[in-house]
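What follows is a set of notes on a single structure, which appears directly below.
Only the coordinates and a few stated rules stand behind these numbers; no lab work does. On a predicted model such as this, the values are computed, not experimentally measured, just so you know. Glycine also receives a Cβ, built like all others from the backbone with ideal geometry; neighbour counts cover every protein chain displayed.
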2 protein chains.
Amino acid sequence: MNEFELIARLTRALPTNDSVVVGAGDDCAVLDVGAGDRLLLFKTDAVVEGVHFTNATPPEKVGRKALARCLSDIAAMAGTPTAAVITVGLPKQFNPVSVEKLYAGINALAKAHGVAIVGGETTTNPERVFISVALIGNVPREKVLLRSGAKAGDAIFVTGELGGSIAGRHLEFEPRLLEARWLAEHFPIHSMMDVSDGLAGDLRHILSASNVGAELLRAAIPISRAARVLSKRGDAAKPALVAALTDGEDFELLFTVASKSAVPLLDAWKKQFRKLELSCIGKIVNGEGIKLRDETGVRPLHAHGYVHFS
Amino acid sequence: MNEFELIARLTRALPTNDSVVVGAGDDCAVLDVGAGDRLLLFKTDAVVEGVHFTNATPPEKVGRKALARCLSDIAAMAGTPTAAVITVGLPKQFNPVSVEKLYAGINALAKAHGVAIVGGETTTNPERVFISVALIGNVPREKVLLRSGAKAGDAIFVTGELGGSIAGRHLEFEPRLLEARWLAEHFPIHSMMDVSDGLAGDLRHILSASNVGAELLRAAIPISRAARVLSKRGDAAKPALVAALTDGEDFELLFTVASKSAVPLLDAWKKQFRKLELSCIGKIVNGEGIKLRDETGVRPLHAHGYVHFS
């Protein structure tokens, strides 16, 4: 049983109540807490030494990454983050100066996005550092973007370049908060999420939530320089395209919009965000699963995204 | 540096914003999210195998405890819990059936208190189970109870019986949500918190937040049967009174109220909550620290509460 199968089993029976607009299964939970036209977003995410970083990773970058991952989930709903609480599990011999550096990394990113750090807990995890962040935010009720709204005919977009994040970007990525809110404000986006487990795997979440399929254009997938460099190293290296489709931790935005909005959106994006690439990588189709189109034809894409837990 | 010293250093520089009513340092953070006369409460807490439970603890009880600890913090603010997200770090060989039992324990307690479980994450923590819960709730703006409101002359109350929780109650305690809301609705409570690290240590948090001292009546401290039984076992046992003052994980309510309300409060409590003891254990005084009064006189209490991290 992998992470997704286990989660699917667990989420079937979760308790709910009247405040829940969207429960487990999207990038964030969406709650109605009586705040007028704004809904509350709620998310938790953890990073673990030896899984998401090493004992050689500078603690500032560990802290930054722990918060940035949650911010990326708020971005995926076109939301604005508000406040976070932090749980840090530490080996007993862990240096207090390193804890302060870890918090410095969290605090700097929080300040940059106007996020308050309002609580936390330090506890013991003897063998490795374990950091769990919970984050709340908000989003106008009419602007919240879910995974479930993709429609046949939609153009599929992704920001930035994909693959090879392990070479460094996973510690330094910018959560796409501004970009996501701008998209939600200016275009009728049908579905959105962040790419955290690999484009191929994550797009499948949009497809199954929306009951549709996708056809991707091989030549349009934006492959990062890091993925290209890594693809040339050693026997275990994967082709750069496969890296772009399956590597985890890109933390870019993946979204769909009605095809008639695709060109105006691209034009407006180029004026608004000069430094961040936006690629139309294919279209939503009737059916299910992902097909990849190249000069030789169309074939089903079986490559799975990165799976954390198996 | 112990947990409290480290936290004191870390909390000095935390980023804040306009939504923060009370940041780190009370039982929950208090946020104004524009929900009319209600404030949002936000809390995180973790339990770790080998620290808060053993590998022999039934997983249902582990899950129950993980959520109950956070519920107790919402109770401490006289709040109502709404929704939780759960992060579970698991060794790779951990049985999926045990994960389901762990969630069954969480879910049963959540249902009992009307709490929705709206998300979570399963990740790897190779050596031991690590569960982090984040919980939101709400409280009427005029009824939120902080640690900082104690006044000289206040009567000090504690619910239930203290000490010896390790004998079993730490896995089965009832968060005092109903009782706390009833107190806030019916009496002008000045300060409140939950007793999680031992009465002596926790009362000091109220005293320093409120800039006052306390005088406790030795004979009035409600000592649990478990603490008395444990006190008779072996050389390492501590006297039952010391256990009641310093054992962790009681999860009872500790609060102060103007002395003129003490007798009416006790009378009303006995009618409302027949099965749960309420004890007036002393009074708030000018000055600082805790003094203990018994038949021989008054002496300073140096015993500290249980400290998680040292």
Determine, for A:S208, A:S196, the number of other Cβ atoms within 10 Å of each Cβ, and report the residues in order from fewest to most.
-> A:S208, A:S196
Scoring only Lys, Arg, Asp and Glu (+1, +1, -1, -1) among other residues with Cβ under 9 Å from the Cβ of B:H190 yields 0
What is the Rg over Rh value, at two decimals, for chain B, using alpha-carbon atoms and the Kirkwood definition of Rh?
-> 0.96
Sparse-neighbourhood loop hits (trypsin sites (Lys or Arg not before Pro), the stretch B:204-310; DSSP loop; Cβ within 10 Å at most 14 others) -> B:K232, B:R233, B:R274, B:K275
Whole-number D in µm²/s for the stretch A:155-300 (Stokes-Einstein; Kirkwood sum over Cα pairs; 25 °C, 0.890 mPa s) | 158 µm²/s
Using alpha-carbon pairs under 8 Å, 6+ residues apart, how would you state the relative contact order of the stretch A:155-300 in percent?
-> 46 percent
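Filter the GluC sites (Glu not before Pro) in the stretch B:23-128 to those in DSSP coil with at most 13 other Cβ atoms within 10 Å of their Cβ, and list the result.
Counting only loop positions with at most 13 other Cβ atoms within 10 Å, the GluC sites (Glu not before Pro) in the stretch B:23-128 are B:E127.
With a 10 Å Cβ neighbour count serving as the proxy for reagent exposure, in which order, fewest first, do B:C70, B:C28 appear?
B:C70, B:C28
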Rounded to two decimals, the Debye log10 I(q)/I(0) of the protein assembly as shown (Cα scatterers, no solvent) at q = 0.05, 0.08, 0.11, 0.12 Å⁻¹ is -0.24, -0.58, -1.02, -1.18
Enter the mean number of other protein chain beta carbons within 10 Å of the beta carbon of each residue in B:41-53, as an integer.
-> 5
Restricting to Cα pairs under 8 Å and 6 or more apart, the percent relative contact order of chain A works out to 22 percent
In what order do A:S72, A:S259 fall by count of nearby beta-carbon atoms within 10 Å, going from fewest to most?
-> A:S259, A:S72
Dipole magnitude of chain B about its Cα centre, charges +1 at Lys/Arg Cβ and -1 at Asp/Glu Cβ only, in debye to the nearest 20?
-> 600 debye
Please identify every one of the trypsin sites (Lys or Arg not before Pro) in the stretch B:11-77 that sits in a loop by DSSP and has no more than 16 other beta carbons within 10 Å of its own beta carbon.
-> B:R12
Angstrom value of the Kirkwood radius, inverse mean 1/r, which spans all Cα pairs in the stretch B:21-112 | 14.5 Å
For the stretch B:11-86 and the stretch B:166-231, what is the separation of their C-alpha centers, rounded to whole Å?
-> 18 Å
